[in-house]
1. Check 109, 71, 37, 81 and return the single one that is at pLDDT below 85 and either among the hydrophobic types (A, V, I, L, M, F, W, C) or at negative phi (or both).
2. Taking the stretch 85-102, which residues are touching a Phe, Trp or Tyr at 6+ places or on another chain (Cβ under 6 Å) and free of Cβ contacts under 8 Å to residues at least 40 places away in the same chain?
3. Quick check: anything in the stretch 130-143 in contact with a Gly (Cβ under 6 Å, 6 or more places away or on another chain) and not small (Gly, Ala, Ser)?
Amino acid sequence: MWLLNTVAAPPPPGTFLSRPVAEAEASAYVGDRVCAACHPREFAAHRRSHHAHTLKLMRRDQLPAGFPTDAHFEDAERHLAYALTERDGRFYFSVVLPTGVRSRPVDYAFGSGKTGMTLVGRWGEEAIIEFRMSYFPHQRRWM
């Protein structure tokens, strides 16, 4: 909610992790392709699934066809105006407040596009923030 200025900063680092992940443990991750060598059918089935595409970098080439590059929408309940804009290859989410416009880069989109997509941004190295609106591609609608 920092974008609406209801909090000054996100929760302290580590809040979202049930336990810290040691660098050595994280570096042991070998990736999907190594699994494919022993489990080719499972790997192929997963790659074709929507689940395999539920996290995307917020880049034009990663988003479904028709995803809006410039969208303006209102939250009638809260009387706020939001905008999603694309500038220099990056997307930004903004809200118009009485005190001015607050903007933040959008780093990732959660959701395959089958149903909905929620936009999030990084806050430092250990946290993410979820933006207020989600996009529903089949309805071509923000909610």
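1. Going through 109, 71, 37, 81 in turn, just one is at pLDDT below 85 and either among the hydrophobic types (A, V, I, L, M, F, W, C) or at negative phi (or both): 37.
2. 85
3. yes
The values are calculated or read from the model by the stated rules, or taken from the named source; none is laboratory data. Everything quoted here is computed from the prediction, not taken from an experiment. Neighbour counts are summed over all protein chains in view; Cβ atoms, including those assigned to glycine, are modelled from backbone coordinates with ideal geometry.
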